[in-house]
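The values are calculated or read from the model by the stated rules, or taken from the named source; none is laboratory data. All figures in this text were calculated on a predicted structure; none of them were measured in a lab. Don't worry about glycine lacking a Cβ; one is built from the backbone with ideal geometry, like all the others, and counts go over all protein chains shown. Note: accessible area is taken over every heavy atom of the protein model, side chains too, but ligands, DNA and RNA are not part of it. Shrake-Rupley method; radii C 1.70, N 1.55, O 1.52, S 1.80 Å.
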Amino acid sequence: MNDPRQYAADLVDNYLGDRLDAAGNPPGLRETVIDLVADAFPDVETLMGTQLNLLTNGHRSQLPDAYLADHAAAEDALQHAAAGLRAALAQAGQLGNAQNFEHHAAARLRDDPRAALRAELARVPRPLTRPEALVCSLDPAPWFSDSHQADKPWPTPGFASLTGLRILPGGAAALARVDDGPHAGWVQIGLFERQRTPARRHPDRPARQLQIIVGLEALNGDPPPDTLPVSQAPRQLWTRPWRRPRSASWSPRPSSAPTSTPRVLAPV
């Protein structure tokens, strides 16, 4: 790596950027985290090379689905830098209640596991339920080893009509209901699904990917263009009751809770 500091800056922005933004970007915190990651880079590079050799088949066409050394270094740097945040702000003349400050700083900077835990707890397995407009997505992608399916069209022709669809026909009535299993009677208010097939040479087929996102949102009008469902509000709305942030020694980026009639958003 020719420029460890630039690598560290990109890593911090991509991996920790949302949390730092949610915390209001306390003065100096991002820069300190970048410095700590850059200092740890030689060890990170060595450990990550070992991890990739053990977790991939040697081709490294894509990173393994694992918690690698670069993310661990970024998280460790954030914890170390944030531990001295209150003292640094006090030296700059920003004083406040120590207990409240530590509580709110930790709440905004930590990697909140609740959404991931709820997703795991929902695997019962997940019922094959989705809005009527998306039923065509139940046809599974053919595995690249299934040569007898080489000529089978995928994505299915029905997906062409869904490209660019932003609101499900029927509004809230279009939400899918679960008919059986442990979730019988539940209403599916959100769906995230990615289907992907790798590229192959015989016969020649490109890599293909579909991403389906359905979510219930509250809007005053039509959804903003070029946005994804459930992407314009704090993720905590899905995991805990909404509470406006209390005041602290530094001001977080303001957010607003939904205040209007819900509409159902569909895939892009």
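Whole-Hz ³J(HN,Hα) for each residue in the range 20-28, computed from phi via Karplus 6.51 cos²θ - 1.76 cosθ + 1.60 with θ = phi - 60°, x for glycine and proline: what do you get?
Residue by residue, the range 20-28 yields 5, 5, 5, 7, x, 6, x, x, x Hz.
Given the protein chains as shown and a 1.4 Å probe, how many square angstrom of Asp204 are accessible, to the nearest 10?
Answer for Asp204: close to 120 Å² accessible.
For a quick check: with amide H placed at 1.01 Å from N, whose amide H comes under 5 Å from Ile167's, ignoring anything fewer than 5 positions away on the same chain?
The answer is Ala266.
Work out, step by step, the length gained on full extension between Gln195 and Leu117: first 0.36 nm times the residue separation, then minus their alpha carbon distance; give nm to one decimal.
Value of the extension gain: 25.9 nm.
Heavy atoms only, 1.4 Å probe, whole protein assembly: order Thr156, Thr163, Thr32 by accessible area, highest first.
Result, largest first: Thr163, Thr32, Thr156.
Excluding ligands and nucleic acids, what accessible area in Å² is computed for Glu132 using a 1.4 Å probe, to the nearest 10?
Here the residue's solvent-accessible area equals roughly 150 Å².
Under a crude label model (7 Å from the Cα following the beta-carbon direction), how far is Asp65 from Glu45 in nanometres?
Those two pseudo-labels are separated by 3.1 nm.
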